[in-house]
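Asks: Before anything else, here's the structure in question.
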Amino acid sequence: MLQETLVILKPDTLERKLFGEVISRFEKECLEIVDMKYIKKAPNDILLKHYPDSMALSIGKKAQKATPSIKDPEAQGRKVLGKLREYFSRGPIIAIIFKGEDAIKEVRRITGYTDPITAEKGTIRGDLGADSIAKSTEEGRAVENMIHASGNPEEAEAEIKLWFSE
């Protein structure tokens with residue numbers, strides 16, 4: 001099924017000058033760029049919609065899985081959301097709409113698991129990632145995992161509208 005999906009290259013991807021490598025990995029897998037936008041600083045109102053407070057529990061559970069000593073995953077998730085928004089706004093990002101056969105699934109396969117340390121080799125995070133959820137949790141910051149990729153068709157549609165509303 002032909003789909004469109006959103007990818008956001010996070011500040012660490014740009015800081016480490018890996019955006020060309022990352023984009024080329026998607027293109028090599030026959031994903032076409034439909035639109036692309038360089039954003040010097042992510043607007044706070046968009047970040048609050050992209051990472052709403054309602055995500056706290058699921059984010060906290062991921063952190064708890066990496067760091068079992070976390071007792072209250074929802075409270076941890078709220079902390080992580082705040083740090084994630086800070087991370088997203090610390091520097092430029094690039095938002096990209098990719099189109100292709102099963103684009104959502106393909107982008108997520110190419111990107112790799114959320115935690116770079118456990119992402120499979122051959123994926124972007126597995127090959128180029130330099131952080132881990134456990135390390136970032138210990139240091140009280142968001143995991144620097146290079147990329148955001150929409151997780152399902154509804155999320156892709158909503159995120160594309162959010163980031164490309166102009």
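The values are calculated or read from the model by the stated rules, or taken from the named source; none is laboratory data. As the structure is a prediction and not an experimental result, all values here were calculated from the model. Positions of Cβ are backbone-derived with ideal geometry, glycine not excepted, and every protein chain shown enters the neighbour counts.
Asks: Inside segment 1-25, can you point out the residues that are outside any helix (DSSP H, G or I), touching a residue at least 12 places away in the same chain (Cβ under 8 Å) and either out of contact with any Pro (no Cβ under 8 Å at 6 or more places or on another chain) or exposed (fewer than 14 other Cβ atoms within 10 Å of the Cβ) (or both)?
Replies: M1, L2, E4, T5, L6, V7, I8, L9, K10, R16, L18
Conditions tested, residue by residue: (1) modelled with pLDDT of 90 or more; (2) closer than 24 Å to K37 by Cα.
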| position | (1), (2) |
| --- | --- |
| D72 | yes, no |
| A75 | no, no |
| V80 | no, no |
| K83 | yes, yes |
| R109 | yes, yes |
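Asks: Continuing with this model, one more query. Quick check, is P43 free of Cβ contacts under 8 Å to residues at least 12 places away in the same chain and not aliphatic (A, V, I, L, M)? Break it down into steps so the answer makes sense when it comes.
Replies: On the way: free of Cβ contacts under 8 Å to residues at least 12 places away in the same chain: yes; not aliphatic (A, V, I, L, M): yes.
Yes; evaluated as a whole, the condition is true for this residue.
Asks: Now a separate question. Looking at segment 99-130 only, could you name the residues that are touching a residue at least 40 places away in the same chain (Cβ under 8 Å), outside any helix (DSSP H, G or I) and within 20 Å of R16 (Cα to Cα)?
Replies: T114, D115, A130
Asks: Next question. Considering only segment 125-146, state which residues are more than 12 Å from the chain's Cα centre (by Cα) and either farther than 21 Å from F26 by Cα or of a type in the set (V, I, T) (or both).
Replies: Result: D131, S132, I133, A134, K135, S136, T137, E138, E139, G140, R141.
Asks: Give me the residue from segment 147-166 that is free of Cβ contacts under 8 Å to residues at least 12 places away in the same chain and assigned to a loop (DSSP other than H, G, I, E, B) and, out of that set, nearest to the chain's Cα centre (by Cα).
Replies: S165
Asks: Quick check: is even one residue across segment 84-105 crowded, with 20+ Cβ neighbours inside 10 Å, in contact with a strand residue (DSSP E or B) (Cβ under 9 Å, 6 or more places away or on another chain) and farther than 25 Å from S165 by Cβ?
Replies: no
Asks: Shifting gears a bit: Have a look at G100, G82 and point out the one that is out of contact with any helix residue (DSSP H, G or I) (no Cβ under 9 Å at 6 or more places or on another chain) and farther than 13 Å from H148 by Cβ.
Replies: Working: G100 fails: out of contact with any helix residue (DSSP H, G or I) (no Cβ under 9 Å at 6 or more places or on another chain).
That would be G82, the only listed residue that is out of contact with any helix residue (DSSP H, G or I) (no Cβ under 9 Å at 6 or more places or on another chain) and farther than 13 Å from H148 by Cβ.
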